[in-house]
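The values are calculated or read from the model by the stated rules, or taken from the named source; none is laboratory data. Note that the structure is predicted; figures quoted are calculated from it, not measured. As a convention, Cβ positions derive from the backbone with ideal geometry for all residues, glycine included, and neighbour counts pool all protein chains shown. Side chains included, ligands, DNA and RNA excluded: accessible areas come from the protein's heavy atoms. Shrake-Rupley method; radii C 1.70, N 1.55, O 1.52, S 1.80 Å.
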Amino acid sequence: MPVPTAATGLPCRVLNDVHAHALGEARWGGGRDKKSCLVAAVGTGIGGAFVEWGKIMLGAHDEAGHIGHVCCPAAAGVPCSCGATGHLEPIAAGPGIIAEYVRLGGDDALPDGTPMDGAEIDRRAAAGDKAAKAAEARAGRALGEVLGSMCNMLDPDVVILSGSVAQCGPDWSDAMAEAFKGQAMPPVATTPIVGGELGGDAPLVGAAENFVKSGYAEVSD
């Protein structure tokens with residue numbers, strides 16, 4: 001059960017933001033009524049969680065579901081913030097899309113002088129900017145490949161995508177879906193990939209759920 005804290009004397013439970021997001025979506029959003037779901041939050045970084053029977057799987061070192069640091073062929077040789085190389089996050093998260101857009105000849109700043117951002121790149125991709133389209137497609141393919149491989153291993157009922165990058169247009173989403181099909185084995189190739197349903201409320205719902213009933217398989221109520 002939640003235990004009182006020293007500062008307030010009120011009971012509390014703590015979980016990180018991506019786990020809270022995943023728990024909210026699993027119990028009340030895109031994963032409700034499903035036995036299991038793989039949640040990938042793709043924004044300025046990439047986090048994830050695997051939820052089964054309404055419980056987040058932590059693993060032996062609390063690293064289970066950490067999809068942003070799965071090996072990705074397209075990232076070969078690219079350094080990651082964790083100190084390794086070849087991980088998904090540096091090429092498929094928002095900063096990776098911006099870096100690739102600039103590398104392909106796109107502007108590194110907006111007309112007002114502020115740094116280029118992902119929303120503007122998405123707008124330019126929709127308008128036909130070749131560098132923007134290519135940068136988004138590269139990120140989408142990388143994520144799709146990893147999701148396909150993860151489904152081969154975990155076999156979730158559904159994959160739930162959330163975060164700002166998951167709002168990108170068809171250059172990103174079509175590439176992601178095609179790459180997923182290229183990696184997923186036939187039994188899991190039809191696994192639904194859906195957007196999160198709770199938006200910014202997902203982590204709040206998840207945090208509340210965790211307080212009422214622990215979201216972790218390793219933590220008893």
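Miscellaneous remarks
- Of residues in the range 121-162 being of a type in the set (K, R) and touching a residue at least 40 places away in the same chain (Cβ under 8 Å), the one surrounded by the most Cβ atoms within 10 Å (Cβ to Cβ): R141
- Checked against the criterion of being in contact with a Phe, Trp or Tyr (Cβ under 6 Å, 6 or more places away or on another chain) and not in a loop (DSSP other than H, G, I, E, B), the range 66-89 contains not a single residue that satisfies it.
- Considering residues of the range 100-120 that are part of a helix (DSSP H, G or I) and farther than 15 Å from Q167 by Cα only, the residue most open to solvent (accessible area, probe 1.4 Å): R103
- All conditions but one from (1) at pLDDT 95 or above; (2) among the β-branched types (V, I, T); (3) open to solvent by 40 Å² or more (accessible area, probe 1.4 Å) apply to I97; the one that does not is (3).
- Here V165, V212, V205 are screened, and the one residue that is among the β-branched types (V, I, T) and open to solvent by less than 20 Å² (accessible area, probe 1.4 Å) is V165.
- With respect to (1) open to solvent by 30 Å² or more (accessible area, probe 1.4 Å); (2) in contact with a strand residue (DSSP E or B) (Cβ under 9 Å, 6 or more places away or on another chain); (3) under 20 Å from A179 (Cα atoms), the lone exception for A92 is condition (1).
- Considering the range 68-85, the residues that are of a type in the set (G, A, S) and over 17 Å from E100 (Cβ atoms) include one that is least open to solvent (accessible area, probe 1.4 Å), namely A84.
- Qualifying residue in the range 109-116 (condition: aliphatic (A, V, I, L, M) and under 30 Å from Y216 (Cβ atoms)): no
- Residue in the range 47-67 that is surrounded by fewer than 21 Cβ atoms within 10 Å (Cβ to Cβ), within 30 Å of L154 (Cα to Cα) and of a type in the set (V, I, T) present: no
- Exclusive hit being assigned to a loop (DSSP other than H, G, I, E, B) and either open to solvent by less than 50 Å² (accessible area, probe 1.4 Å) or over 21 Å from T190 (Cα atoms) (or both), set G9, G24: G9
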